[in-house]
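Chemist: One structure follows; several queries about it will come next.
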Amino acid sequence: MLVTLFISIQSFAQKPGDWQLEKMPVNLETDFALSALPPQLRQNATVYLLDPKKGYYIAHKGSNGFICFVTRTEWEWVEFRQDDAAAIAYDAEGARTIFPVTMDVAAMRATGKFTPLQIKNIVMDRIKKGIYKAPSRTGISHMLAPVMRVYPGKPDHHDVVTMNMPHYMFYAPYLTNADIGNIPNGTADGPVVINPGAMWLGERKSPYGFIILLAGAPERAKIISDNKGLLKRLIDYKPYFKAEMGKM
């Protein structure tokens, strides 16, 4: 109860304009979103861009079933930030089952009528009612961008960090690190399970778990080298894209 009360107070204590996001330059957001995908999938992928006043919209309609976008709000941490930005891509199954949550969260934030706590509660309620469903088959989410600015994945840490961590994510609804033989907190080398929603819904109750596998060292080096221009553009746009570069 104390935790819930603290988060409730924290959510309502935010300034009235905190929900408002700045629109990224279209070309930069497009290139950043596409960088989440392997090069061979980019041309025919669907690209979603974010209109801070409305939510996500299709900027380019693809044909291969893959989508990509830049996420700016993570409902699990119950706060609105201006410096949360990561490029993500889903296959057709992820686009069908996981991306609708991202779209709805962005649309709710864009109205300025919801607090982070209200958005979290709405998402949780829809998961419990089966409105948001788990992936029905194994699939993949690519996060191969050269940089991402995200929460470090621990519910007691609300700071975001900028990391160079290209990786692959395989849908793993309701799994835990114990299920794949990793240590309980998932910090050992090798594949790990992450499921931020579990910190609110409970272990094995959040449908959006992923097995994360880091790209190999040669692949990571090539991604950084091939995207030097994009990295510079991102850093020129917002210096926080440079903070803690190289952290894994």
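Chemist: For the stretch 30-103 and the stretch 197-224, what is the separation of their C-alpha centers, rounded to whole Å?
Modeler: 16 Å
Chemist: Accessible area per residue for the stretch 45-140 in Å², computed with a 1.4 Å probe and the full protein assembly in place, what is it?
Modeler: 40 Å²
Chemist: Could you list log10 I(q)/I(0) for the stretch 195-239 at q = 0.13, 0.32 Å⁻¹, which the Debye formula gives when each Cα is one point scatterer?
Modeler: Log-scaled intensity ratios, in q order: -0.58, -1.04.
Chemist: Put a dot 7 Å past each Cα toward the Cβ at Ser63 and Tyr174; how far apart are the dots in nm?
Modeler: A separation of 3.9 nm, rounded to one decimal place.
Chemist: For the pair Thr138 and Lys54, what calculated FRET efficiency results from E = 1/(1 + (r/R0)^6), where r is the Cβ-Cβ distance and R0 = 41 Å, to the nearest 0.05?
Modeler: Efficiency at R0 = 41 Å is approximately 0.80.
Chemist: While we're looking at this one, here's another question. Rounding to the nearest 20 debye, state how big the charge dipole of the stretch 94-193 is about its Cα centre with +1 on each Lys and Arg Cβ and -1 on each Asp and Glu Cβ.
Modeler: That gives a dipole near 520 debye.
Chemist: Using a 1.4 Å probe and counting only protein heavy atoms, arrange Ile67, Ile122 so the residue with the most accessible area comes first.
Modeler: Sorted by accessible area, descending: Ile122, Ile67.
Chemist: Based on Cβ point charges of +1 for Lys and Arg and -1 for Asp and Glu, what charge dipole magnitude is obtained for the chain about its Cα centre, in debye rounded to the nearest 20?
Modeler: That gives the chain a dipole magnitude of about 500 debye.
Chemist: Moving on. Would you count, across the stretch 6-151, every pair of lysines whose alpha carbons are under 29 angstrom apart, provided the pair is eight or more residues apart or spans two chains?
Modeler: 28
Chemist: Further, regarding this structure: For Thr111 and Ala217, what does the FRET efficiency come to when R0 = 41 Å and r is the distance between their Cβ atoms, rounded to the nearest 0.05?
Modeler: Once the sixth-power term is evaluated, E becomes 0.40.
Chemist: Over the heavy atoms of Val101, what accessible area does a 1.4 Å probe trace out, to the nearest 10 Å²?
Modeler: Spelled out: Val101, probe radius 1.4 Å, area about 10 Å².
Chemist: Could you state how much accessible area Ser225 has, in square angstrom rounded to the nearest 10, with a 1.4 Å probe and all protein chains kept in place?
Modeler: Ser225 has an accessible surface of roughly 60 Å² with all protein chains in place.
Chemist: Evaluate the chain: find the radius of gyration of its Cα atoms, find its Kirkwood radius, and give the ratio Rg to Rh.
Modeler: 0.93
Chemist: How big is D for the stretch 124-181, in µm² s⁻¹ as a whole number, if Stokes-Einstein is applied with the Kirkwood radius of its Cα pairs at 4 °C and 1.567 mPa s?
Modeler: 92 µm²/s
Chemist: Next up: Which residue, Ala172, Ala217, Ala107, tops the fluctuation ranking in a GNM of the chain built on C-alpha contacts under 10 Å?
Modeler: The residue that fluctuates most here is Ala217.
Chemist: Hand me the trypsin sites (Lys or Arg not before Pro) from the stretch 54-146 located in a DSSP loop with no more than 11 other Cβ atoms within 10 Å, in residue order please.
Modeler: Those that pass, being in a loop and sparsely packed, are Lys54, Lys61, Lys113, Lys129, Arg137.
Chemist: On to the next question. Write down the radius of gyration of the stretch 24-142 and its Dmax, each obtained from C-alpha positions, in Å.
Modeler: Here Rg and the maximum Cα pair distance are 14.1, 40 Å.
Chemist: Something else about it: Tell me the trypsin sites (Lys or Arg not before Pro) within the stretch 205-238 that lie in a loop according to DSSP and have at most 11 other beta-carbon atoms within 10 Å.
Modeler: Taking the stretch 205-238 and a limit of 11 other Cβ atoms within 10 Å, no loop trypsin sites (Lys or Arg not before Pro) are found.
The values are calculated or read from the model by the stated rules, or taken from the named source; none is laboratory data. These numbers were taken from a predicted model, which means no experiment stands behind them. Please note: Cβ atoms are built from the backbone with ideal geometry, for glycine as well, and neighbour counts cover all protein chains shown. What goes into the accessible areas is simple: the full protein's heavy atoms, side chains included, and nothing from ligands, DNA or RNA. Shrake-Rupley method; radii C 1.70, N 1.55, O 1.52, S 1.80 Å.
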